[in-house]
Amino acid sequence: MVERIDVGILGATGVVGQHFVSLLAEHPWFRLTWIAASDRSAGRRYAEIPWRIVPPRPTFADDLVISRVEPDAAPSLVFSALDAAVAGEAETAFARAGRLVISNARNHRMDPLVPLLIPEVNPDHLKLLSQQRHAYEWDGGIITNPNCSTVFLTMALAALRPFRPQRVLVTTLQALSGAGYPGVPALDAVGNVIPFIAGEEQKMETEPLKLLGTLTEDGIENAGIIISAQATRVPVADGHTVAMSVLLGQDAAVQEIRAAFESWTGVPQQLGLPTAPARPLVYVDADDRPQPKLDVMRDGGMAVTIGRLRRCPLFTCKFVVLGHNTIRGAAGAALLNAELAHATGALKRDVVQRKQSKLSV
Ligand code: NAP
């Protein structure tokens, strides 16, 4: 059996952190050996932390003791599910201390030297990592995944690349778990729709341009797409619904667009990465799908469901997309990024270096 790589989680006690623990329980390449969270949690056994997510609590992490967010004892590879209020500085400190940080937080996403990745969409952007290390003189590094709604929106646009998407009108109906725990107060959420999520629309209007951009010698050249976004919070536990209208530069019949969604795959599927879904986008025929209750856990929460594709009287076509915000939109996204880095050799340097430095102590 191949030796697994030791990994850690920053923010292991939160909603996304718990999904990391769940997804790492039986991971063939990575072994969870270290967890960290705020000073409120540090020193406690993981078993003492209340479990907040639908997948059952795995027992393998019960006896791990929660550390402070300090790199000294952390393994070479750490996943970050830290609150954005602290993620920026903490992740930089870990990268400086030689750790490769695979982050969910927004703080470093738009840094021109930090890869913002969806492995099916822009795996080549991982090459920014070596420029980043050189420019910042870090032994480690930072790789990020996008905002959760941005993941689903961008996967749909990437499948439409042959028809050159130009303009996008997007409205989201976002689940409560997207706000972490405890998140939105029950009296605000139940029987209600809140037409504002701080910072969300700006992320959806900017992050896809970097993700769909072209890697050049001077960095990423953003895609020339204009996106107009509106975000709402709805009383759904898990699953962000994204309603999109898209203007295509090259007209296409509805059947051609549907075929583009259904046939779209990428490097994770070619490489058979452990967390990759067989089909990243799954089209469902029924008029009343996708629905969070019925579709959110498709392929372990890693496949995104699309439905209701039709002509749009304003743009070319419109459709509805649904994805699991804390799996494909967060912990699963980061895990897939780490698997891509490992499979393409980007991890090797960190792991080898750390092993050597341990030997030389
Ligand atoms: P959460 O449930 O609020 O968890 C936040 C985590 O950060 C907890 O482990 C918490 O530890 C830790 N933390 C908070 N303040 C800290 C401090 N001062 N020092 C050290 N650790 C601290 O949030 P979440 O939903 O899991 O989100 C985690 C990150 O992922 C955020 O940056 C979020 O924006 C991003 N994200 C979330 C989603 C989603 O759908 N939820 C999707 C994509 C990205 P304690 O438990 O000890 O307080």
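The values are calculated or read from the model by the stated rules, or taken from the named source; none is laboratory data. Note that the coordinates shown come from a computational prediction; the quantities given were computed from them, not determined experimentally. Here Cβ is always computed from backbone atoms with ideal geometry, including for glycine, and neighbour counts include all displayed protein chains. Note: accessible area is taken over every heavy atom of the protein model, side chains too, but ligands, DNA and RNA are not part of it. Shrake-Rupley method; radii C 1.70, N 1.55, O 1.52, S 1.80 Å.
The set of residues in segment 48-63 that are in a loop (DSSP other than H, G, I, E, B) and within 16 Å of the ligand (Cβ to nearest atom) comprises ILE49, PRO50, TRP51, ARG52, ILE53, VAL54, PRO55, ARG57, ALA61.
Residues in segment 232-255 that are part of a helix (DSSP H, G or I) and touching a residue at least 12 places away in the same chain (Cβ under 8 Å): VAL254 alone. Kindly list, by first and then second residue, each pair from a residue in segment 157-180 that is farther than 20 Å from THR326 by Cβ to a residue that is part of a loop (DSSP other than H, G, I, E, B) and among the acidic types (Asp, Glu), limited to pairs with Cβ atoms under 8 Å and residues at least 6 apart or on different chains. Taking only residues 6 or more apart or on different chains, the pairs are ALA158/GLU120; PHE163/ASP251. Checked against (1) over 8 Å from the mean Cα position of the chain (by Cα); (2) buried (at least 24 other Cβ atoms within 10 Å of the Cβ); (3) on the phi < 0 side of the Ramachandran plot; (4) within 16 Å of the ligand (Cβ to nearest atom), ILE306 meets all criteria but (4).
Residue by residue, here is whether (1) more than 19 Å from PRO274 (Cβ to Cβ); (2) in the same structural domain as PRO182 (by TED's automatic domain parsing); (3) modelled with pLDDT under 95; (4) open to solvent by 70 Å² or more (accessible area, probe 1.4 Å) holds:
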site: GLY11; (1), (2), (3), (4): yes, no, no, no
site: TYR46; (1), (2), (3), (4): yes, no, no, no
site: PHE60; (1), (2), (3), (4): no, no, no, yes
site: ASP63; (1), (2), (3), (4): yes, no, no, yes
site: VAL69; (1), (2), (3), (4): yes, no, no, no
site: PRO75; (1), (2), (3), (4): no, no, no, no
site: ARG99; (1), (2), (3), (4): yes, no, no, no
site: ASP111; (1), (2), (3), (4): yes, no, no, no
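Each residue in segment 226-259 was checked for being touching a strand residue (DSSP E or B) at 6+ places or on another chain (Cβ under 9 Å) and under 17 Å from LEU153 (Cα atoms), and 20 pass.
With the structure loaded, tell me whether PRO208 is closer than 29 Å to GLY17 by Cβ and either outside the structural domain of VAL296 (by TED's automatic domain parsing) or out of contact with any strand residue (DSSP E or B) (no Cβ under 8 Å at 6 or more places or on another chain) (or both) or whether it fails that test.
In short, no.
Scanning segment 75-90 for residues that are in contact with a helix residue (DSSP H, G or I) (Cβ under 7 Å, 6 or more places away or on another chain) and more than 8 Å from the ligand (Cβ to nearest atom) turns up SER76, LEU77, VAL78, PHE79. Being in contact (Cβ under 8 Å) with a residue 40 or more places away in the chain and in contact with a Leu (Cβ under 6 Å, 6 or more places away or on another chain) is true of LEU82. Considering LEU347, LEU294, LEU271, the condition of being open to solvent by 10 Å² or more (accessible area, probe 1.4 Å) and farther than 26 Å from PRO55 by Cα is satisfied by LEU271 alone. Quick one: would you say GLU207 is of a type in the set (D, E, K, R) and surrounded by 15 or more Cβ atoms within 10 Å (Cβ to Cβ)? Considered against the rule, which asks whether it is of a type in the set (D, E, K, R) and surrounded by 15 or more Cβ atoms within 10 Å (Cβ to Cβ), GLU207 comes out as yes.
Checking each residue in segment 91-118 for being under 11 Å from ASN145 (Cβ atoms) and more than 15 Å from the ligand (Cβ to nearest atom) picks out only PRO115. For segment 304-318, the criterion of a residue being modelled with pLDDT of 95 or more, among the hydrophobic types (A, V, I, L, M, F, W, C) and farther than 26 Å from GLU262 by Cβ is satisfied by no position.
So, LEU23, is that one in contact (Cβ under 8 Å) with a residue 12 or more places away in the chain, within 23 Å of PRO182 (Cβ to Cβ), open to solvent by 10 Å² or more (accessible area, probe 1.4 Å) and within 19 Å of the chain's Cα centre (by Cα) or not? Yes: the conditions hold for LEU23.
Restricting SER228, SER177 to residues that are in a helix (DSSP H, G or I) and at pLDDT 95 or above narrows the list to SER177.
VAL101 passes every criterion in (1) over 16 Å from ASN337 (Cα atoms); (2) within 20 Å of the chain's Cα centre (by Cα) apart from (1).
So, in segment 119-172, of the ones that are open to solvent by 10 Å² or more (accessible area, probe 1.4 Å), among the aromatic types (Phe, Trp, Tyr) and part of a helix (DSSP H, G or I), which residue ends up farthest from the ligand (Cβ to nearest atom)? If we take residues in segment 119-172 being open to solvent by 10 Å² or more (accessible area, probe 1.4 Å), among the aromatic types (Phe, Trp, Tyr) and part of a helix (DSSP H, G or I), then PHE163 is farthest from the ligand (Cβ to nearest atom).
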